[in-house]
Amino acid sequence: MKQKLVKKIAILSVLFNVLFAFSQQNNLEVDLTNTVAKIQPTMYGVFFEDINFAADGGLYAEMIKNRSFEFDNPFMGWIQPNSDRHSFNENSGIASAVNYTGNPTNKNYIRVKVSNDKGYELINEGFRGMGIKKDAAYSLYISASKKSGDIKTINIQFIDKSGAVLGETKIVLTSSDWKDYTSQLVATKTEAKAQIKITFEGTGEIDLDMISLFPVDTWKGRKNGLRKDLVQLLYDMNPGFLRFPGGCIVEGRTLEQRYQWKKTVGPVEDRENLINRWNTEFSHKLTPDYFQSFGLGFFEYFLLSEDLGAEALPILSCGMACQFNTGELVPMEELDPYIQDALDLIEFANGSIDTPWGKIRNSMGHPKPFNLKYIGVGNEQWGPDYIERYKVFAKAIKDKYPTMIIVSGSGPFPEGDYFEYGWEELKKLQAEIVDEHYYKPPQWFRDNASRYDAYDRKGPKIFAGEYAAQSVAIASPLNKNNWECALSEAAFMTGLERNAEVVHLTSYAPLMAHEEGWQWTPDMIWFNNLESYGTANYQVQKMYATNKGTDLLSITLDGKPVTGQSNLYATAAKDSDKKELIIKLVNTSNNIQNVTVNLFGKRVNSKGTISVLTSDSLTDVNSFETPNLISPKESIFKLKGKKAVVDLEANSFVILKFKLI
């Protein structure tokens, strides 16, 4: 009897919760005639940093690791399985590093001595292997010089872990001088962990440098270009801007290791390698083989921005190394070269081909200016030293380029002494845009949807330059790109959009991560050597960026902005170009919520669309196995008169769209 009673109570409790959920009537109002503010085309963009093997081994499609033997250990990434350094005359051969004399950027090449016909091999392991696809073609480049003997041919093969050949080609040597040779391999099988094996026909000595391999099928088919699937994910987001090259990568652990844009333009073979500052930053994921070849340099970043239809937003060193590392400072009296770098960058991007740096851009194949409008001074610096340097940069840039929009920074945290000091000083300086960063728990994002409601409308505009909900803790290797994090960001972003008058740019960070080479989690896009996918966070960002509209409209609940009342968040906009009404609704409760949106002022088509992003569990994630587990589902939606009546699923993000009449 007692068990039956308990069962009845449980059933009644469930029914009560269902009825209660449906009884929560949320009546929202949208005034289609009341444009609150213009939404900037730059509202939603992407932030790229070379962390997590995002450039070499990722977006930059080069497949050979340490292709010109410039790492601190010239043979890192290379294997000589049949050689013995101590007694190479008794084996098949040996390769040794040789220093160029008088070449500051390309310092090393190797000299291979093939002693006999026992099969000397030189193998490159790639970036955690090489991803090759059956029947796909790959372009090979080798710079070589015959020194002595009768080595006639270099054989190049794709191999798998067992040594089986998966495609091959050969190069016939024709000169004792340095000469560039090219060929092509076609893969006979799809393999995520392929390697390249190099063998030789004949004996003697040969010098090798710049051994490079790219897929033929790159983004837009560009020779030695970018990985097609990764750029496609960015393109599909329709970003308003591309911020590069970082992030802490801008600053370097020391000033010597900072990012110097001038070393990343011009011929690829003349770009000096640099150890990546993330290689041993975190003990949970050491990657001592993480270097920057700068094949993806500032020219390529500008070109990518152009391809994406996005404004370029370069960030430059302000003469301060990362304050979480050495915090090394350039003395104020020695700051001029850093300022000149900023001025020269603007000339490189925008100058005529008759200017020194415009001429270099032209020589790289882009005579037209890139029309750069924004430039950032420093990444995440704080304190009086930053403000002192920012003043000098801002004056020099504005004196020469008065229309250039300068982005400043408020430090690494969204509150506290560093943040308050930075904001106070930047307001005094009438800064144009201030970059804010926040890596916080999901609850913080839900609680801070009204963060910008009280910001001074006449003060600096906001660049929410780096943000991501942390499921465990900031920089924890256990962080996941789960649905709770993405949903919380969706709720927070209603506050960004609702404050479009003051918030002009926003971007999630970090952007990309290699499945095996990551240092930081969470990340928006994950990839391995063959595949890639957008996380739940990516889907949220994409839905916002492709549905931002041009004019912010008022949407209220009981006369107030919808900022979390009953776990409901909302924003409304119209797109004047597409003649559309766009309503974004976020339900962060565990129950279905009934929402009625009353439309006033203008007529809209009664039939529109509804896009729903949700998942069964807040811990759900997209993955290589289920890349579309959390992805938007679109269907037809009909108005009831001048009302949009919708039952928001528990823990869901919804976009309603209607054509304006």
Cβ pairs under 6 Å, 6+ apart, first in region 610-638 and more than 23 Å from P442 (Cβ to Cβ), second aromatic (F, W, Y) and surrounded by 12 or more Cβ atoms within 10 Å (Cβ to Cβ): I610/F637
Residue count, region 134-147 (criterion: surrounded by fewer than 16 Cβ atoms within 10 Å (Cβ to Cβ) and either in contact with a His (Cβ under 7 Å, 6 or more places away or on another chain) or at pLDDT 95 or above (or both)): 4
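Which helices (runs of 4 or more DSSP H) does region 276-390 wholly contain that include 3 or more residues that are in contact with a helix residue (DSSP H, G or I) (Cβ under 9 Å, 6 or more places away or on another chain) and hydroxyl-bearing (S, T, Y)?
Numbers: elements: 298-308, 336-350, 356-363.
In region 276-390, no matching helices (runs of 4 or more DSSP H) lie anywhere.
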Filter result (among the hydrophobic types (A, V, I, L, M, F, W, C) and under 20 Å from F214 (Cα atoms)) within region 43-57: F53, A54, A55
Residue among K548, K578, K602 that alone is at pLDDT below 95, among the charged types (D, E, K, R) and part of a loop (DSSP other than H, G, I, E, B): K602
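Quick one: in region 41-60, which of the residues that are under 21 Å from D575 (Cα atoms) and part of a loop (DSSP other than H, G, I, E, B) is farthest from the chain's Cα centre (by Cα)? Spell out how you get there, then give the answer.
Keep residues of region 41-60 that are under 21 Å from D575 (Cα atoms), which gives 41-45.
Narrowing further to those that are part of a loop (DSSP other than H, G, I, E, B): 41-43, 45.
Numbers: P41: 19, T42: 16, M43: 16, G45: 10 Å.
Of everything passing the filter in region 41-60, P41 is farthest from the chain's Cα centre (by Cα).
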Region 81-114, subset crowded, with 18+ Cβ neighbours inside 10 Å and at pLDDT 90 or above, residue nearest to K262 (Cα to Cα): N108
Any strands (runs of 3 or more DSSP E) falling wholly within region 177-245 and containing at least 2 residues that are under 17 Å from the mean Cα position of the chain (by Cα) and either farther than 12 Å from L140 by Cβ or touching a residue at least 24 places away in the same chain (Cβ under 8 Å) (or both): 241-244
Subset tally (residues that are within 26 Å of N499 (Cβ to Cβ), touching a helix residue (DSSP H, G or I) at 6+ places or on another chain (Cβ under 7 Å) and aliphatic (A, V, I, L, M)) for region 517-551: 3
Qualifying position, being of a type outside the set (A, V, I, L, M), more than 30 Å from G119 (Cβ to Cβ), modelled with pLDDT under 95 and in contact with a strand residue (DSSP E or B) (Cβ under 9 Å, 6 or more places away or on another chain), among G246, G225: G246
Filter result (assigned to a loop (DSSP other than H, G, I, E, B) and surrounded by 13 or more Cβ atoms within 10 Å (Cβ to Cβ)) within region 581-599: T588, S589, N591, I592
Looking only at region 314-362, and only at residues there that are hydroxyl-bearing (S, T, Y) and surrounded by 15 or more Cβ atoms within 10 Å (Cβ to Cβ), the one that is nearest to K395 (Cα to Cα): Y338
Options L313, L308, L329, L303: the member that is out of contact with any strand residue (DSSP E or B) (no Cβ under 8 Å at 6 or more places or on another chain) and either touching a residue at least 12 places away in the same chain (Cβ under 8 Å) or closer than 25 Å to N66 by Cβ (or both): L303
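The values are calculated or read from the model by the stated rules, or taken from the named source; none is laboratory data. Every value quoted in this text rests on a predicted model; they were computed, and no experiment measured them. When we count neighbours, we look across all protein chains shown, and the Cβ atoms used for this are built from the backbone with ideal geometry, even at glycine.
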